[in-house]
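Chemist: Please read through the structure below; I'll follow up with questions.
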Amino acid sequence: NVRWFAELPIANELDTHWFQFAAARAFQSSMGPRPGPVHLDWPFREPLEPIEDADLGQPSDPIQLEMAETTLSSNKIRDLAQLLEQSPRGVVIAGPMVQGSQWRQAVENFCTKTGYPLLAEPLSQLRVNFNDVAVLEHHDHLLRSSWSTRVAPEIVIRLGGPPTCKALKKWLEHHRCPMIMFDPSNSWADPSFTTSEILNVGNEALNAIAEIINPAMRDTQWETAWRSANSQASAAINEILDTEPLLQAAVARDLGRHLPPDHLLYVSNSMPVRDIDSFMNPHSSSLRVIGNRGASGIDGVISSAAGAAASGQPTTLLIGDLAFQHDIGGLIAARSLDITLTVVVLDDQGGGIFSHLPIAQVTEQAVFDQLFTTPQHLPIAEIVDALGIRYQEVSDAATFAGLIGEPQGIQVLRIPIDSALDVDQHRRIARAVTDSIELL
């Protein structure tokens, strides 16, 4: 019944930021809404081994902790509003949140008042079309370019779980500006240890802060820089995707464009969740986007999507061929349900995500295929046909848009992906975006 448990590393294995973060979380967890013990398992060093001198570096700035409350005091709201007014070059970052729709009004009010761009991944439920808010769908590409070094934030507002985007994580670690995380569930979802203040409050507190902020604080040059870069990136990406065969990036983009209202998009791990983050356009507020992030990996994804569809909401699942193979049993079980479920299988013949990683550049192709790609050659058409489920192979964007726009019952759409072409397209997109914003 401990309130938090952690296995700590040996003292000389990580920097002091880690231990400071662990100590702060242990204290906060023990004194939070449910006060109680915490358990820290701290190992000894290996005996009889030489001990290297440890460089502890410079002491870290203190982490500010607020005791868990459902609301902030009027003094705290005023202090935060004043701090934000003195920091017009800020951003709002939204990670995965199943209940993110509850934050929409507060986030729209806050971003409208402050002028802060919104870097929201689709799983946050906040990559939607807000009025007078710079909603960035291509921050992944922007922050991988040299442009990112020229846009240093003065402050960051964090909502939801850890963001999927690796470039965003590195950008935050590089600039290490003050970061205020709204954390009503006391999850401490900050693997980069960049948070400077944690508020265990929800959307009501963010809205209360927005209410008293003076909109004159907005820095139009800051907003314009982000809007212009995102617009240039969109043009560069669309020029490539609109003229080339249907691959993973175009699928991710077009789901945001063509899924009907009041629909649910379930996203598998590996490449699907990353491409959705990199390419999906802002969408209508009635589209929900969810997925299994964390230790579940690619297990049980079809079952999870079928369970979501069983709630009565028409659902589309975006999944790779390996994850599909891991949960064919879920597809068998789904036949007994009266659901609307479209399973979009991106079939790149194995673990295509590894071809995007540096290991692919330094490993002999035969060894790489055997140990990483692991081609499966799964007869998806035959499997689906044997189950009596509708099946169609899709190779063009127009057909894909029509099939996902009018879903009926259970159907499986297989999109064959040439992994080499897909990797090449991702790299050319990255170069095109970099070139398009180089002079901004």
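The values are calculated or read from the model by the stated rules, or taken from the named source; none is laboratory data. Computed from a prediction, not measured in an experiment: that's the story for all the values here. Note that we place each Cβ from the backbone using ideal geometry, even for glycine, and neighbour counts take in every protein chain shown.
Chemist: Looking only at the stretch 298-331, which residues are exposed (fewer than 14 other Cβ atoms within 10 Å of the Cβ) and either β-branched (Val, Ile, Thr) or closer than 24 Å to residue 380 by Cα (or both)?
Modeler: Within the stretch 298-331, just 329 meets the criteria.
Chemist: Could you pull out the residue among 123, 172, 118 that is buried (at least 17 other Cβ atoms within 10 Å of the Cβ), of a type outside the set (Phe, Trp, Tyr) and out of contact with any helix residue (DSSP H, G or I) (no Cβ under 9 Å at 6 or more places or on another chain)?
Modeler: On the way: 123 fails: out of contact with any helix residue (DSSP H, G or I) (no Cβ under 9 Å at 6 or more places or on another chain); 118 fails: out of contact with any helix residue (DSSP H, G or I) (no Cβ under 9 Å at 6 or more places or on another chain).
Of 123, 172, 118, the one residue that is buried (at least 17 other Cβ atoms within 10 Å of the Cβ), of a type outside the set (Phe, Trp, Tyr) and out of contact with any helix residue (DSSP H, G or I) (no Cβ under 9 Å at 6 or more places or on another chain) is 172.
Chemist: Across the stretch 402-440, which residue is nearest to the chain's Cα centre (by Cα) among those that are basic (Lys, Arg) and surrounded by fewer than 18 Cβ atoms within 10 Å (Cβ to Cβ)?
Modeler: 427
Chemist: Which one of these does residue 164 not meet: (1) of a type in the set (Ser, Thr, Tyr); (2) without any contact (Cβ under 8 Å) to a residue 12 or more places away in the chain; (3) under 24 Å from residue 267 (Cα atoms)?
Modeler: Only one criterion is unmet by residue 164, namely (2).
Chemist: Starting from residues that are assigned to a loop (DSSP other than H, G, I, E, B) and either charged (D, E, K, R) or under 23 Å from residue 375 (Cα atoms) (or both), keep the ones in the stretch 311-338 and report whichever is nearest to the chain's Cα centre (by Cα). I'd like the intermediate steps shown before the answer.
Modeler: At the first step, the residues of the stretch 311-338 found to be assigned to a loop (DSSP other than H, G, I, E, B) are 311-314, 327, 335-338.
Within this subset, residues satisfying the condition of being either charged (D, E, K, R) or under 23 Å from residue 375 (Cα atoms) (or both) are 327, 335, 338.
Details: 327: 23, 335: 31, 338: 31 Å.
Per the stated criteria, the residue is 327.
Chemist: Starting from the stretch 150-161, keep only residues that are outside the structural domain of residue 108 (by TED's automatic domain parsing), then list their pairs with residues that are of a type in the set (Val, Ile, Thr) and in a loop (DSSP other than H, G, I, E, B) whose Cβ atoms are within a distance under 6 Å, requiring at least 6 positions of separation or different chains.
Modeler: none
Chemist: Is one or more of the residues making up the stretch 92-102 without any contact (Cβ under 8 Å) to a residue 40 or more places away in the chain, out of contact with any Ser or Thr (no Cβ under 9 Å at 6 or more places or on another chain) and exposed (fewer than 14 other Cβ atoms within 10 Å of the Cβ)? Steps first, answer last, please.
Modeler: Our first condition is that a residue be without any contact (Cβ under 8 Å) to a residue 40 or more places away in the chain; within the stretch 92-102, this holds for 99.
If we keep only those that are out of contact with any Ser or Thr (no Cβ under 9 Å at 6 or more places or on another chain) as well, we get 99.
Among the residues that remain, those that are also exposed (fewer than 14 other Cβ atoms within 10 Å of the Cβ) are: 99.
Yes, the stretch 92-102 contains a residue that is without any contact (Cβ under 8 Å) to a residue 40 or more places away in the chain, out of contact with any Ser or Thr (no Cβ under 9 Å at 6 or more places or on another chain) and exposed (fewer than 14 other Cβ atoms within 10 Å of the Cβ).
Chemist: Could you list, in sequence order, all residues of the stretch 381-401 that are loosely packed, with under 14 Cβ neighbours inside 10 Å, free of Cβ contacts under 8 Å to residues at least 24 places away in the same chain and of a type in the set (Asp, Glu)?
Modeler: 382, 385, listed by residue number.
Chemist: Got at least one residue in the stretch 179-189 being buried (at least 17 other Cβ atoms within 10 Å of the Cβ) and charged (D, E, K, R)?
Modeler: Checked against the condition, which is being buried (at least 17 other Cβ atoms within 10 Å of the Cβ) and charged (D, E, K, R), the stretch 179-189 yields at least one hit.
Chemist: Next question, about the same structure. So residue 330 fits all but one of (1) modelled with pLDDT of 95 or more; (2) within 17 Å of residue 407 (Cβ to Cβ); what number is the exception?
Modeler: That leaves (2) as the condition not met.
Chemist: State yes or no: is residue 198 assigned by TED's automatic domain parsing to the domain that holds residue 180, crowded, with 23+ Cβ neighbours inside 10 Å and of a type outside the set (Lys, Arg)?
Modeler: So residue 198 fits the description; yes.
Chemist: Being hydroxyl-bearing (Ser, Thr, Tyr), more than 22 Å from the chain's Cα centre (by Cα) and more than 29 Å from residue 22 (Cα to Cα) is true for just one of 268, 228. Which residue is that?
Modeler: 228
Chemist: For the stretch 293-310, how many residues are without any contact (Cβ under 8 Å) to a residue 24 or more places away in the chain and either assigned to a loop (DSSP other than H, G, I, E, B) or assigned by TED's automatic domain parsing to the domain that holds residue 96 (or both)? Give the steps one after another, and end with the answer.
Modeler: Filtering the stretch 293-310 for residues without any contact (Cβ under 8 Å) to a residue 24 or more places away in the chain gives 294-295, 307.
Next, only the ones that are either assigned to a loop (DSSP other than H, G, I, E, B) or assigned by TED's automatic domain parsing to the domain that holds residue 96 (or both) stay: 294-295.
Result for the stretch 293-310: 2.
Chemist: Just give me the residues in the stretch 63-75 being surrounded by 10 or more Cβ atoms within 10 Å (Cβ to Cβ), at pLDDT 75 or above and farther than 20 Å from residue 4 by Cβ, in sequence order.
Modeler: Residues satisfying the conditions are 71, 72, 73, 74.
Chemist: So for the stretch 42-61 (the condition being modelled with pLDDT of 85 or more and under 30 Å from the mean Cα position of the chain (by Cα)), does at least one residue qualify?
Modeler: The answer is no; no qualifying residue exists.
Yes or no, residue by residue, for (1) part of a helix (DSSP H, G or I); (2) in the same structural domain as residue 93 (by TED's automatic domain parsing); (3) more than 23 Å from residue 151 (Cβ to Cβ); (4) in contact with a Ser or Thr (Cβ under 7 Å, 6 or more places away or on another chain):
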| site | (1), (2), (3), (4) |
| --- | --- |
| 209 | yes, yes, yes, no |
| 216 | yes, yes, no, no |
| 222 | yes, yes, no, no |
| 233 | yes, no, no, yes |
| 240 | yes, no, yes, no |
| 250 | yes, no, yes, no |
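Chemist: For the stretch 246-253, check the following and say yes or no: at least one residue is among the basic types (Lys, Arg), within 30 Å of residue 406 (Cβ to Cβ) and at pLDDT 95 or above.
Modeler: Within the stretch 246-253 (the criterion being among the basic types (Lys, Arg), within 30 Å of residue 406 (Cβ to Cβ) and at pLDDT 95 or above), the answer is yes, since at least one residue qualifies.
Chemist: Please go through the stretch 31-41 and pick out each residue that is part of a strand (DSSP E or B) and either exposed (fewer than 11 other Cβ atoms within 10 Å of the Cβ) or modelled with pLDDT under 80 (or both).
Modeler: Residues of the stretch 31-41 that are part of a strand (DSSP E or B), as a first pass: 39-41.
41 - this is the single residue of the stretch 31-41 that is part of a strand (DSSP E or B) and either exposed (fewer than 11 other Cβ atoms within 10 Å of the Cβ) or modelled with pLDDT under 80 (or both).
Chemist: Also, quick follow-up: For the stretch 200-217, state whether one or more residues are out of contact with any helix residue (DSSP H, G or I) (no Cβ under 9 Å at 6 or more places or on another chain) and without any contact (Cβ under 8 Å) to a residue 60 or more places away in the chain.
Modeler: No; the residues of the stretch 200-217 include none that is out of contact with any helix residue (DSSP H, G or I) (no Cβ under 9 Å at 6 or more places or on another chain) and without any contact (Cβ under 8 Å) to a residue 60 or more places away in the chain.
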